[in-house]
Structures are given as C-alpha cells and as structure tokens.
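K.L.:
One structure is given below, represented as structure tokens, and several questions about it will come after.
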Amino acid sequence: MLTESTFNVNSVSMVRILLGFGPWIAYWVLSGMGRGRLAVAAGLVIAALLCGWHLRHGRVRPIECSAAVFFTVHGLVTVGLGSPLVQRYDAALSSAALAAMAWGSLLLGSPWLARARLIPRSVRLAFGCVSPFTAVYAREGWPREYWEAPLFRRTNALLSGLWGAIFTLNAGLGMAALAWPGARIALVVILPQVGIAAGIACSIVFPRWYPRRRAARDIAERDPYRWPAPVFTADPAGDPSRHDVIVVGAGIGGLSAGALLAQRGLKVLVLDQHYLAGGFCTSWPRIVRRGDRRLRYVFDAGVHDVSGLGERGPVRHLLRQLGLEDALTWGRMSHEYVLPGLSVKVPHRVEDLVALLASHFPAERAAIVSFFSEMEAVYREMYSDVHLTGGVPTPPLTVDAMLAYPVLHPHAFRWMHVPFGALLDRYFRDPRLKEFLSVLSGYLSDDPGALTVFAMAPIFGYYFDGGYYPAGGSQALADALAGVIRSHGGEIRLRTAAQRIVVDKGRAAGVVSGDGRLDRAAAIVSNADVRRTFLDLVGREHLPRDFTRRVDDLRPSTSAFVVFLGVDYVPDVEPITMLAAGGRRLGIAIPSKVDPSLAPRGHSSVSLTTLMPPATDGAWNRKTPGYAAKKRSLGDALIAEAEQALPGLRGHIVYRQEGSPATFARYAWTTGGAIYGGSLGQWQPPARSPVEGLVLAGAGVFPGAGVEAVVISGTLAADAIYPVTRERSKEASRSLSAA
C-alpha cells in the first residue's frame with residue numbers, strides 16, 4: 001500500500017524541470033549583467049544541447065523547445081538583422097514566450113481540442129502536449145498507470161495554469177519596466193524571481209497536498225450522508241411492534257441485508273407486497289392437466305443465470321457467512337448464441353472459448369487472445385481486494401487506497417470509464433465478433449453503448465468463473481436467505497405493502513403498512529424502487545431539495561416482455577440461448593435442462609424474454625381494453641422468432657403465459673416495470689440516504705442490477721447499519737485469503 005501521495009512531483013522530476021529552465025536562467029543572469037549577446041548565445045546553446053539529448057531518447061520537452069525557438073528568433077533578429085527590438089523588450093518577451101508555452105500546453109492537451117480534432121493526435125503526441133507541460137516532467141518520475149489518471153491530469157493542469165499566470169504576470173512587469181525605468185531592478189529582477197520562487201515552492205507542496213484533498217472529497221461525495229450507525233437497545237417490554245431493523249422489499253438485496261443483520265443478532269422484520277419473497281429471484285409452479293396426467297412446470301420470474309459464485313465471488317462469500325454454502329445445489333449453465341451468420345455453443349473453459357472464436361475468426365486470432373487476457377485482468381483486479389472489504393468489491397475507501405489504485409489495479413483503472421464499444425473497436429474489425437462479445441450486455445441494459453468496460457467486466461465472469469442455477473429454481477436462493485432471517489428470530493410478512501416510512505426529527509423511525517399497522521425500528525433498509533422509496537414512502541418534505549431533484553430526474557431502466565412455456569419435449573439447445581432475430585434480441589432460458597425436476601419427464605420449462613421500454617407512457621396498462629390481446633399478439637411474435645432456434649416450438653406448447661412491463665410493475669413494484677433499477681449513466685443515490693437510519697439496497701444503488709450486484713448492495717447496507725466487528729473482519733479476511 002502506498003502511503004505517500006502517488007501524484008507527487010518527486011525530486012527527480014523537480015530537477016528535470018529546473019534543468020529545463022537552464023537556458024532561461026543563463027539568459028536572465030547574463031542579460032542582467034549587461035551581456036546581451038552572450039546571454040542569447042548561452043541560452044541557445046544550452047537549449048540546443050538539452051533538446052538534442054531529449055530527442056536522442058525519443059522525448060520532446062516544452063520548456064526546452066520554447067527556449068530553443070525563442071533564442072533562435074532572438075539571435076536572428078538581434079544579430080542577423082541588427083534590430084534592437086527584441087533586446088528592448090527582452091524581459092517582457094522572454095516571459096511571454098514561457099506564458100505561451102504554459103497556456104499552449106493546456107490548450108493542446110484540453111479535451112475540447114481533442115474532441116474538435118483541429119490538431120491531429122499524432123502531432124500533439126509528438127510535441128508532448130497531450131498533458132499540461134508540468135505533467136511531461138512528472139511522468140518521468142511515476143509509473144505509466146498514473147499518466148491518464150484524472151487526478152494526475154487535474155493536478156498538473158492547475159500547476160501549469162499557475163506557471164502560466166506567473167509568466168504572464170512577469171511579462172506584464174517587463175512591459176511596466178519600460179514605463180518606469182527607475183523601477184527596472186524591482187520590476188525585472190526582484191519581483192519576477194519572487195514569482196518564480198513561489199512557483200517552485202507550489203510545485204513542491206501542491207502535488208503533495210491537492211491530490212489527497214481531492215481524493216478525500218471524492219470519497220466523501222460517494223457517501224455524503226455520514227450519520228453514525230444506529231444504536232440498538234434491547235426492548236424490555238418485548239413489544240412485537242418494535243424491531244431493530246425493518247427491510248422494505250424482499251428482493252435479494254433486502255434479503256441479503258436482512259439475513260446478515262439477523263445473523264449479527266438484530267431483530268429483523270421484512271415486508272413485501274408480493275406473495276413470494278425474492279423479487280425477480282422467485283419461482284412458481286403451474287399445474288396442467290392433460291388427459292389423466294397432472295403436469296407440473298416451474299418457472300422463474302427472471303433469474304436463470306447467477307454469477308458471483310467463484311472463490312472470490314460476493315454470492316459465494318455471502319453463502320459462506322450465513323452457513324448456506326452447502327445448503328444449495330448449483331448447476332452450471334451453458335450458453336449458446338445464435339446470431340446472423342454465426343452460431344456458437346460457448347465452452348465452459350475460457351481457453352476453449354478463445355480457441356473456438358479464433359477458428360471462426362482466424363484473421364482476429366491474436367486480437368481475441370489479447371482481448372480475453374485484458375478482460376480477465378480487469379475482472380480479477382476488480383475482486384482482488386475483497387478480503388479487505390468484507391467480501392465485496394467496492395471503490396477505494398481511503399485516500400491511500402484511492403491514490404494507490406492505479407498501480408495495484410492497472411488494467412481495471414485503465415478501462416474504468418472507457419465505453420465497452422470503444423474497447424471492442426480497439427481490438428476487432430469484424431462486426432459479427434463484436435456482436436458476439438456484446439451478447440451478454442442484455443443482462444445489464446438494452447443499450448450496449450451505455451456500458452463501460454468496468455460494467456461489462458463482471459458479466460465476463462460468466463466466461464471466467466461460470467454462471468449457475470440453484471436446484472429447485474431461483475426461489476431456492478430467496479428461501480435460503482429468508483430461512484436465515486426466521487432462524488434468528490426475524491419475521492417476514494408477505495402480501496404486506498409498505499405505505500409510508502415514518503420520519504421523526506430527521507430519523508427513520510418505522511414503517512406503516514397498507515393495513516395501517518405501525519412497526520417501529522432504529523434502522524430501515526429499503527430494497528424498493530428508488531423513486532418510490534423517496535417520493536412515495538418517505539415524502540419530499542423530509543428530503544433535501546437537491547436530492548429530491550435528482551430523484552425526480554431518474555429515468556427507469558429497460559423493462560421486458562416474457563413468455564412462459566411448458567412444452568412436451570426437450571429442445572436441442574443449451575439452457576441459455578441468445579437469439580438475434582427480427583431486429584431484436586431474444587433470450588431463451590430452459591432451466592429444466594439443468595434441473596429436470598422443473599418439468600415432467602421428457603418435458604421442459606421454457607422462458608422467452610426480450611427487453612423493451614418501461615411502461616411509463618401507459619403503453620402497457622392492464623386496465624386498457626385489448627391489453628390481453630396485445631400480450632397474446634406479442635407472445636405469438638416471440639414464439640415465431642424463437643422457432644429459428646427451436647423449430648416447431650408452437651406444436652409442442654402445453655402451457656403458456658405472458659408477462660408484460662405492467663406485470664413487472666405489478667409484482668416488483670418498480671417504475672414502469674423497470675427490471676434493472678435506473679437506466680445506465682445516471683446518478684446513483686448512495687447507500688446511506690439523507691434520512692438518518694435509512695439505507696438503500698437493490699438494483700437502484702451501487703453496483704447496479706443482477707443477483708451478484710444486489711448481494712453486494714445488501715452487504716454494504718448491512719455494514720452501514722451494523723458494521724461487523726474487527727474480529728469478524730479479520731475472520732472474513734482469513735477465510736477469503738485461504739480461498
């Protein structure tokens with residue numbers, strides 16, 4: 001761990017900057033002694049020697065280059081043309097040349113100029129001006145991983161701006177000396193040197209102070225509502241309406257938080273308006289009579305493929321913590337992608353996948369190997385510190401950790417904010433290969449262009465560590481977590497909608513249910529939709545105005561349309577089959593191929609899912625005439641498209657049911673039936689809300705949607721309310737390190 005600011009301009013860098021000023025210092029000293037021509041010659045010779053040295057090593061340095069240009073022009077005008085003009089204005093012109101160098105480096109390195117493409121990147125690179133001029137020297141003292149860090153660039157931009165201001169001021173002083181010759185010594189010699197000395201002092205002190213301050217501010221902005229963890233006291237009266245924690249919403253995020261808190265000894269109550277616990281991780285049976293046979297099919301609300309079960313995975317860690325690792329049986333899900341001109345059954349080993357793709361795209365063989373190597377490095381680095389952070393990957397939690405991040409996680413840091421499409425463009429040319437590698441983006445969004453490499457890296461965990469399905473259906477995971485809550489004295493009330501979160505003097509104090517019942521608690525976890533949590537349950541009157549405005553502006557993510565089918569055969573495709581057809585993507589899930597108990601012998605449970613806009617415009621209103629016919633019509637279309645991978649599907653259907661965005665809105669109680677929380681690229685509220693004692697879990701907060709992600713959010717919510725003890729942290733660290 002690095003404990004000193006990793007963005008310091010170290011002594012080596014400072015020496016190089018001072019050497020860069022060598023031609024100017026020689027010029028100023030000799031010209032101050034009245035040796036004008038010698039001053040120009042000395043400056044030019046020293047600048048030429050420095051430039052030659054740097055060019056020999058493939059480098060270009062702004063200070064030396066500006067000196068070489070200035071003294072060449074000075075010599076031509078003064079000696080060659082015999083003009084006294086430059087000599088007369090030398091004090092002002094020399095400082096103006098340095099000011100132009102400083103401001104010019106800021107301009108040439110600005111994002112605006114890069115976007116405008118007025119000067120080719122190759123030219124800007126050749127002149128070392130991609131970053132401000134101080135960064136050119138700072139780079140020589142620090143590992144390459146830091147060079148593109150926003151904090152590194154910002155620090156050097158401020159330093160370069162400071163030097164630009166000093167040089168500009170000195171140029172003004174030089175002009176003033178012409179008007180007041182009696183004050184020339186003060187204006188040309190003393191005051192400029194004071195400015196230069198101040199600049200050098202700032203160049204030493206500022207890079208040691210500013211990055212740490214900025215990193216501390218960034219950390220504080222991620223968690224701006226740093227109220228203390230609640231204090232829990234025993235209830236001597238044993239009042240059944242009093243609890244330590246109330247969890248609103250029995251999705252996996254809420255259940256994870258509730259199970260951890262119950263295990264830590266707190267009295268937990270979970271409320272959910274659905275008749276099943278689990279949110280999108282629920283399963284239900286459907287019975288069909290066919291003649292004298294009673295056929296039973298089990299369907300899942302949406303979860304068929306769970307990540308985070310690798311040795312360092314957050315789901316695996318949660319199950320270990322709760323003693324559930326052996327309570328669930330997981331089957332490995334296999335993938336198949338049916339795309340235009342390309343059909344691939346994805347191997348379980350990433351090495352085999354790389355070889356298979358290379359056989360399909362031989363011209364891209366080397367790029368495929370490099371791409372998967374880079375993605376795996378990003379993926380592994382994201383989880384490398386979980387033994388220090390309670391088993392879940394989080395952004396750096398301390399200033400030292402944030403400043404050390406680029407060196408300790410170079411691949412993850414490099415691609416953190418880069419669009420995933422840009423990474424694909426860097427490695428590949430074939431659009432079919434790019435489409436193949438983007439197929440699983442549907443697990444996060446309907447807009448692949450909104451995904452960063454950092455967002456997609458955990459999805460590639462399906463290739464590196466696998467995706468799994470719990471025996472008995474996704475409900476098995478929810479029931480296991482609910483069982484932990486109940487076994488530790490907690491309570492789960494289903495078919496009980498929260499109507500209002502009670503706020504007393506700025507603190508969350510309880511929850512009023514739909515039947516008017518009031519339950520009180522010292523802390524509340526909301527696993528409900530973010531907009532509904534704050535605008536419907538809490539109320540604007542209890543929230544800061546800027547926070548309310550941000551919540552108002554949140555746009556829901558995509559929703560989905562799903563067709564549940566019980567069929568009388570076993571399709572010859574993998575359990576997860578992605579199909580690109582009819583201008584849209586269709587996900588085909590057949591979990592009964594992994595767990596045959598989900599369907600009668602020789603039959604299958606099949607789900608067809610496609611993403612679609614949320615129902616915020618009333619397009620899917622259950623009360624609108626023709627709603628059922630509209631569902632049926634779209635279901636017919638999806639079945640027809642699915643027949644590209646499942647020929648003759650229509651002739652095998654025994655049971656059929658559709659779910660629209662209105663269905664998701666009804667059962668998951670989300671805005672417009674959104675299935676992934678808020679749409680990507682928006683502000684995410686922090687886990688701690690502005691209401692003391694109220695924390696958030698679920699897809700609407702960090703790190704987003706998916707079982708693995710909401711397990712992380714639930715873990716962080718539990719830690720915000722009741723942090724694990726130091727002994728427990730050490731025990732978790734030892735367990736993960738051993739794993």
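The values are calculated or read from the model by the stated rules, or taken from the named source; none is laboratory data. These numbers come from a predicted model, not from an experiment. Every residue, glycine among them, receives a Cβ derived from its backbone with ideal geometry; neighbour counts consider all protein chains shown. Note: accessible area is taken over every heavy atom of the protein model, side chains too, but ligands, DNA and RNA are not part of it. Shrake-Rupley method; radii C 1.70, N 1.55, O 1.52, S 1.80 Å.
K.L.:
Please verify whether the stretch 111-129 includes one or more residues that are at pLDDT 70 or above, of a type in the set (A, V, I, L, M) and either within 21 Å of Phe167 (Cβ to Cβ) or within 29 Å of the chain's Cα centre (by Cα) (or both).
P.N.:
Looking through the stretch 111-129, none of the residues is at pLDDT 70 or above, of a type in the set (A, V, I, L, M) and either within 21 Å of Phe167 (Cβ to Cβ) or within 29 Å of the chain's Cα centre (by Cα) (or both).
K.L.:
Conditions: (1) open to solvent by 30 Å² or more (accessible area, probe 1.4 Å); (2) assigned to a loop (DSSP other than H, G, I, E, B); (3) under 19 Å from Val298 (Cα atoms); (4) not aliphatic (A, V, I, L, M). Pro625 meets all but one. Number of the miss?
P.N.:
Among (1) open to solvent by 30 Å² or more (accessible area, probe 1.4 Å); (2) assigned to a loop (DSSP other than H, G, I, E, B); (3) under 19 Å from Val298 (Cα atoms); (4) not aliphatic (A, V, I, L, M), the lone unmet condition for Pro625 is (3).
K.L.:
Which condition breaks for Ala39 when tested against (1) surrounded by fewer than 21 Cβ atoms within 10 Å (Cβ to Cβ); (2) modelled with pLDDT of 75 or more?
P.N.:
Here Ala39 meets the rest and fails (1).
K.L.:
Residue by residue through the stretch 248-284, note down the ones that are within 23 Å of Gly706 (Cα to Cα), surrounded by fewer than 24 Cβ atoms within 10 Å (Cβ to Cβ) and either in contact with an Asp or Glu (Cβ under 6 Å, 6 or more places away or on another chain) or free of Cβ contacts under 8 Å to residues at least 24 places away in the same chain (or both).
P.N.:
Of everything in the stretch 248-284, just one residue is within 23 Å of Gly706 (Cα to Cα), surrounded by fewer than 24 Cβ atoms within 10 Å (Cβ to Cβ) and either in contact with an Asp or Glu (Cβ under 6 Å, 6 or more places away or on another chain) or free of Cβ contacts under 8 Å to residues at least 24 places away in the same chain (or both), namely Ser283.
K.L.:
Scanning the stretch 643-678 for residues that are open to solvent by 30 Å² or more (accessible area, probe 1.4 Å) and among the hydroxyl-bearing types (Ser, Thr, Tyr), which turns out farthest from Val573 (Cα to Cα)?
P.N.:
This residue is Tyr667.
K.L.:
Then there's this: Where the second residue is open to solvent by 100 Å² or more (accessible area, probe 1.4 Å) and in a helix (DSSP H, G or I) and the first is closer than 16 Å to Gly506 by Cβ and lies in the stretch 535-553, which pairs have Cβ atoms under 9 Å and are six or more apart or on separate chains?
P.N.:
Listed by first residue and then by second, the contacts come to Thr548/Arg540.
K.L.:
I need the full set of residues from the stretch 481-509 which are assigned to a helix (DSSP H, G or I) and either in contact with an Asp or Glu (Cβ under 7 Å, 6 or more places away or on another chain) or open to solvent by 20 Å² or more (accessible area, probe 1.4 Å) (or both), in order please. Reasoning before the result, please.
P.N.:
Quick first cut of the stretch 481-509, residues assigned to a helix (DSSP H, G or I) only: 481-487.
Residues satisfying the conditions are Gly483, Arg486, Ser487.
K.L.:
Moving on. Exactly one condition in (1) of a type in the set (Val, Ile, Thr); (2) open to solvent by 20 Å² or more (accessible area, probe 1.4 Å); (3) modelled with pLDDT under 80 is not met by Thr168; state its number.
P.N.:
(3)
K.L.:
Here is a follow-up. What's the number of the only condition in (1) loosely packed, with under 15 Cβ neighbours inside 10 Å; (2) farther than 18 Å from Arg666 by Cα that Val512 fails to meet?
P.N.:
For Val512, the exception is condition (1).
K.L.:
Residue by residue through the stretch 434-465, note down the ones that are in a loop (DSSP other than H, G, I, E, B) and either open to solvent by 40 Å² or more (accessible area, probe 1.4 Å) or among the small types (Gly, Ala, Ser) (or both). Before the answer, list the steps.
P.N.:
Here is the first cut: in the stretch 434-465, the residues in a loop (DSSP other than H, G, I, E, B) are 444-447, 451, 457-460, 465.
Listed by number, the residues that qualify are Ser445, Asp446, Asp447, Ala457, Asp465.
K.L.:
Sticking with this structure for a sec: Answer with yes or no whether Gly323 is within 19 Å of Val724 (Cβ to Cβ), surrounded by fewer than 18 Cβ atoms within 10 Å (Cβ to Cβ) and either over 19 Å from the mean Cα position of the chain (by Cα) or of a type in the set (Gly, Ala, Ser) (or both).
P.N.:
So Gly323 passes the test.
K.L.:
Oh, and also: Condition first: open to solvent by 80 Å² or more (accessible area, probe 1.4 Å) and either outside any helix (DSSP H, G or I) or of a type in the set (A, V, I, L, M, F, W, C) (or both). Now tell me which residues in the stretch 194-224 satisfy that. Before you say what the answer is, go through the steps one by one.
P.N.:
Restricting attention to the stretch 194-224, the residues satisfying the condition of being open to solvent by 80 Å² or more (accessible area, probe 1.4 Å) are 194, 205, 208-209, 213, 217, 221-222.
Those that are open to solvent by 80 Å² or more (accessible area, probe 1.4 Å) and either outside any helix (DSSP H, G or I) or of a type in the set (A, V, I, L, M, F, W, C) (or both): Val194, Val205, Trp209.
K.L.:
So how many residues does the stretch 509-545 have that are of a type outside the set (D, E, K, R) and under 22 Å from Pro228 (Cβ atoms)?
P.N.:
Filtering the stretch 509-545 for residues of a type outside the set (D, E, K, R) gives 509-514, 516, 518, 521-528, 530, 533-535, 537-539, 542-544.
Then keep just the ones that are under 22 Å from Pro228 (Cβ atoms); that gives 509-511, 521-526, 533-534, 538, 542-544.
Adding up the residues that qualify gives 15.
K.L.:
Still on this model: With the structure loaded, tell me whether Ala229 is open to solvent by less than 50 Å² (accessible area, probe 1.4 Å), in contact with a Pro (Cβ under 7 Å, 6 or more places away or on another chain) and among the small types (Gly, Ala, Ser) or whether it fails that test.
P.N.:
Details: open to solvent by less than 50 Å² (accessible area, probe 1.4 Å): yes; in contact with a Pro (Cβ under 7 Å, 6 or more places away or on another chain): yes; among the small types (Gly, Ala, Ser): yes.
When the stated conditions are applied, Ala229 passes them.
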